[in-house]
Amino acid sequence: MEVILIQPRGIGKSRGDITPNNASMSMFAQDIKAVLDYLHIKNLYVVGHAFGNRLAPTFATLYPSYVDDLAVLAVDGDNEKNLKQKACLSNSFNLELDDRIREKALQCAFFAKGNDPSIWLAGWYPELADAQILAANMINGDFYKKAGGKPFLIVQATEDFISPPETTGKPLAEELADQVKYVEVEHAGHALSSEQPDQISEYLIDYFSN
């Protein structure tokens, strides 16, 4: 099995307009298809995390023939963020802030208590983040939440401040019933794969194997 990690436009030597007003979920989904076509990949398992919790099911909706199976980590839903959630998110990728402030914001937004948020201090692309946030806010969740009818796995963190299971993953799992399998990861926040990689790997391998 080959693993492909597709980075969005705006990272490394990639090209493409990331002006927020020009960004859309379909644009980011088309980028994925372009990379897959370049690599001659026509079928794959798709895993979406964070922004990818919207992008992965959007891709599956627009290009279902490519997706053999799907997993979504840290489902966000369409719930409006409160002021603290918004502040923690925006401060986490504001590179003009002191690292101590950003680390507190990262802890608040993404990491469960006791997990190390400093590992996420580097590697941020604020302009890309702005484009992704606007694209995510512009799309109607009803368009992608069923992932084009594909069955999929939801992996939710029990200590996710940004996307609490009770208002995100659980309601979606109840709504879609047999279309999804729902699991929760203890002692993890929205960062999930950076906090409990082994457990998440086991969930993914078991789901895709079956």
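Read the figures in this text as sums done on the coordinates, not as results from a lab. This structure is a prediction, so every number in the text was calculated from the model and none was measured. In this analysis, Cβ positions are derived from the backbone assuming ideal geometry, glycine residues included, and neighbour counts consider all displayed protein chains.
Things worth noting here:
- Interchain or long-range residues, amide H under 5 Å from residue 159's placed H: 187, 188
- Coil-residue trypsin sites (Lys or Arg not before Pro) of the range 1-39, DSSP, other Cβ within 10 Å capped at 11: 13, 15
- Backbone geometry of the range 76-92 corresponds, through the Karplus equation with coefficients 6.51, -1.76 and 1.60 at θ = phi - 60°, to 3J(HN,Hα) couplings of 9, x, 9, 5, 5, 6, 7, 4, 5, 4, 5, 5, 4, 5, 5, 5, 5 Hz, x marking Gly and Pro.
- Cross-link partners for residue 104 among the aspartates and glutamates, with Cα-Cα distance under 12 Å and sequence neighbours closer than 8 places in the same chain left out: 116.
- Shown in residue order for the range 170-187 are the 3J(HN,Hα) couplings computed by the Karplus curve 6.51 cos²θ - 1.76 cosθ + 1.60 at θ = phi - 60°: 4, x, 5, 4, 5, 5, 8, 6, 5, 6, 10, 10, 10, 9, 10, 10, 7, 6 Hz (x for Gly and Pro).
- Cα-based values for the chain, radius of gyration first and Dmax second, are 16.5, 46 Å.
- Backbone amide hydrogens, once placed in the peptide plane, bring residue 153 within less than 5 Å of 70, 71, 72, 181, excluding anything fewer than 5 places away on its chain.
- Computed from point charges on the beta carbon alone (+1 for Lys and Arg, -1 for Asp and Glu), the dipole magnitude for the range 95-181 about its Cα centre is near 280 Debye.
- Taking N as its residue count, the alpha carbon Rg of the range 94-144 over 2.2 N^0.38 Å: 1.39
- Mean-position separation - Cα centroids, the range 99-157 and the range 14-28, in angstrom: 17
- Here the chain is treated with +1 on each Lys and Arg Cβ and -1 on each Asp and Glu Cβ, and its dipole about the Cα centre works out to around 540 debye.
- 5 angstrom amide H check on residue 10, placed H, neighbours 5+ away: 15
- Rounded to whole numbers, the Karplus 3J(HN,Hα) couplings from phi for the range 136-147 are 5, 6, 7, 8, 7, x, 5, 5, 10, 5, 8, 6 Hz, using 6.51 cos²θ - 1.76 cosθ + 1.60 with θ = phi - 60°, and x at Gly and Pro.
- Sorted ascending by nearby beta carbons within 10 Å, beginning with the fewest, 194, 65, 92, 118 become 65, 118, 194, 92.
- Calculated FRET efficiency for the pair residue 5/residue 40, C-beta based, R₀ 22 Å, to 0.05: 0.80
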